[in-house]
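Undergrad: First the structure, which I've put down as structure tokens, then a few questions once you've had a look.
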Amino acid sequence: MNKLYNFFNTEQKNLFWLKFFRISISIFIIIHFAAVLPDFNNLYSVNDGVLSYNVVDVYIPQYIINLPKIILYLKSFGIDSAITILGFKIIFVLLAFILMSGYYQNFAALLLLLMQIILSKSNIYFSYGADFFTSMSLFYLTLIPSNINSVGISPLKRLFQFHVCIAYFFAGFDKLLGINWWNGESIWKAINLPFATSTYDISFLGNYPILLTSIGLGSALLELLYPFFVWNKKTSNFWISAIIVMHIGIAFILNLYFFSAIMIIWNLTFKFSFNNEKSYSLVNV
Amino acid sequence: MKKQLYFTISLVVIFIVLLSSIKTTLDSYHSYYKDTKKGQLSAACDNIYSFKPLRVFTSYTGLETGYGFFGTNVSSDFALSYELYDSSKKKIARHNFKLDSNEGSLRFMSMNRLFLERLTESSDNELFKKYIEIVMTEISKYIYKKYNGKYSVNLKVYLYNFPSLKDYANGKVQTELFLLDEMNYKR
């Protein structure tokens, strides 16, 4: 236990990784939010969207605060839903900019986390992986002190590092449990999903089942073995780069740009979190 | 003292991340292999996970998610299309259902898990069938309003079935669309 305790409490000499994480996550949140603006009402309003809120409401626990609940509450005071939505959008973007600036990092992240949860829990059917990773990122930015002298930096940095490793281990493990990741069928199915690429015709890959099997198994193994290779100085850079290449592939082939982007941010943060020597040149960015 | 507190917080969060990962892995495994017999580990995970303060905490931090990323299996997907008819029942147009932005459409497609449940749910679950019907009505109503109520709407949900790698090698290259549900809407 002592060894583990010491491992969680090592000396920290720079916070570049945290600054990188804070700024890139803030930019990511602003762009991701802007991307959904044309459909904001379609997805998150009470009665003007694709699904009325009372249809979705049955699956939302009472303890969840979301945008439709706020709209309905403020309506009882005579505040129009359009004003509530506009106010929400302005506060959301403003908080993202404040977080990016680093001003009261923890408090800004906490408020933005609350706003992000309010939005993503507005309709349980319309949220996906990128939303959960956004919430978790903001949770870390709420928790991790921004002061280099804080004793909280080291253990919380380790927590983040462990989290990334657990996520990839299970991503690989879950895939290998399914028979279709062993014969190329899963990767074939994934690249031919209706939301996958329509820009590039990659159906010719169907003529090379061995290649598809290799890509599928390779991805699963890359993820499964992530925790075993990223801690080693000799293999760390290669492994993280390979995972980033995999996410770039996912972005362009499956059209999951935002999910891939946030996973790349997590990987780069993970990589930078090892470089906390004083000599690190980007320390004062 | 502070050091120990942060250390403890870190270990607790690692435990929660592990718990979510193991739980979603087991759920995914049982669902894929149609294994209804849940073992002790599954039951223990479910029990801990149903502890309300933990549910609240994971809901407000995003830690409730699993990390399968297309594992154990890439699930089937669905395609929605609609036809518009004028008052003399003449077909005016046919479109695939899309929202105004790529991100909006991608989010909308996350709802397809509902149709997947419709396929896997026991056929005698009348309540769930009724729920799907309401969802279909809502989507149809949205399309109807989009065209200012000028046309009646015939909404169709198809199971999207791209040929398997094996079938593709045997020359089958066409995607099959199996009609799962249909809804006619006119106010």
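Undergrad: Could you please find all residues in segment A:231-269 being at pLDDT below 95, hydrophobic (A, V, I, L, M, F, W, C) and open to solvent by less than 70 Å² (accessible area, probe 1.4 Å)?
TA: A:Ile250, A:Ala251, A:Ile253, A:Leu254, A:Leu256
Undergrad: Within segment A:152-196, take every residue that is part of a helix (DSSP H, G or I), of a type in the set (A, V, I, L, M) and more than 7 Å from chain B (Cβ to nearest Cβ) and give me the one that is surrounded by the most Cβ atoms within 10 Å (Cβ to Cβ).
TA: Filtering segment A:152-196 for residues that are part of a helix (DSSP H, G or I), of a type in the set (A, V, I, L, M) and more than 7 Å from chain B (Cβ to nearest Cβ), the one surrounded by the most Cβ atoms within 10 Å (Cβ to Cβ) comes out as A:Ile187.
Undergrad: Where residues in segment A:3-17 are in contact with a Phe, Trp or Tyr (Cβ under 9 Å, 6 or more places away or on another chain), part of a helix (DSSP H, G or I) and touching a residue at least 40 places away in the same chain (Cβ under 8 Å), which of them is nearest to B:Lys98 (Cα to Cα)?
TA: A:Trp17
Undergrad: Restricting the first residue to segment A:223-245 and requiring it to be within 22 Å of A:Trp181 (Cβ to Cβ), which pairs with a second residue that is among the acidic types (Asp, Glu) meet a Cβ separation below 8 Å and a spacing of at least six or different chains?
TA: Qualifying pairs under 8 Å: A:Ile243/A:Glu223.
Undergrad: Could you look through segment A:13-27, keep only residues that are modelled with pLDDT of 85 or more and open to solvent by 10 Å² or more (accessible area, probe 1.4 Å), and pick out the one that is nearest to A:Ser137 (Cα to Cα)?
TA: Per the stated criteria, the residue is A:Arg22.
Undergrad: Counting only residues that are more than 8 Å from every other protein chain (Cβ to nearest Cβ) and free of Cβ contacts under 8 Å to residues at least 40 places away in the same chain, which one in segment B:53-86 is surrounded by the fewest Cβ atoms within 10 Å (Cβ to Cβ)?
TA: B:Pro53
Undergrad: Can you name the residue in segment B:36-52 that is in a loop (DSSP other than H, G, I, E, B) and within 14 Å of chain A (Cβ to nearest Cβ) and is also nearest to the chain's Cα centre (by Cα) among such residues?
TA: Looking at residues that are in a loop (DSSP other than H, G, I, E, B) and within 14 Å of chain A (Cβ to nearest Cβ), I get B:Ser50.
Undergrad: So, in segment B:87-116, exactly how many residues are in a helix (DSSP H, G or I), open to solvent by less than 30 Å² (accessible area, probe 1.4 Å) and at pLDDT 90 or above?
TA: From segment B:87-116, those in a helix (DSSP H, G or I) are B:102-109, B:112-116; that's our starting set.
Keeping just the survivors that are open to solvent by less than 30 Å² (accessible area, probe 1.4 Å) gives B:103-108, B:112, B:114-115.
From what's left, at pLDDT 90 or above: B:103-108.
Count: 6.
Undergrad: Moving on. Criterion first (more than 9 Å from chain B (Cβ to nearest Cβ), surrounded by 13 or more Cβ atoms within 10 Å (Cβ to Cβ) and at pLDDT 95 or above) does A:Leu99 satisfy it?
TA: The answer is yes for A:Leu99.
Undergrad: So, A:Ala108, is that one open to solvent by less than 10 Å² (accessible area, probe 1.4 Å) and within 29 Å of B:Tyr33 (Cα to Cα) or not?
TA: No.
Undergrad: Scan segment B:33-52 for residues that are open to solvent by less than 40 Å² (accessible area, probe 1.4 Å) and among the aliphatic types (A, V, I, L, M) and report the count.
TA: The total comes to 0.
The values are calculated or read from the model by the stated rules, or taken from the named source; none is laboratory data. In this text, all values refer to a predicted model and were calculated from it rather than measured experimentally. Neighbour counts run over all protein chains shown; Cβ positions are idealised from the backbone, glycine included. When the accessible area is computed, the model is the full protein with side chains, heavy atoms only, and any ligands, DNA or RNA have been set aside. Shrake-Rupley method; radii C 1.70, N 1.55, O 1.52, S 1.80 Å.
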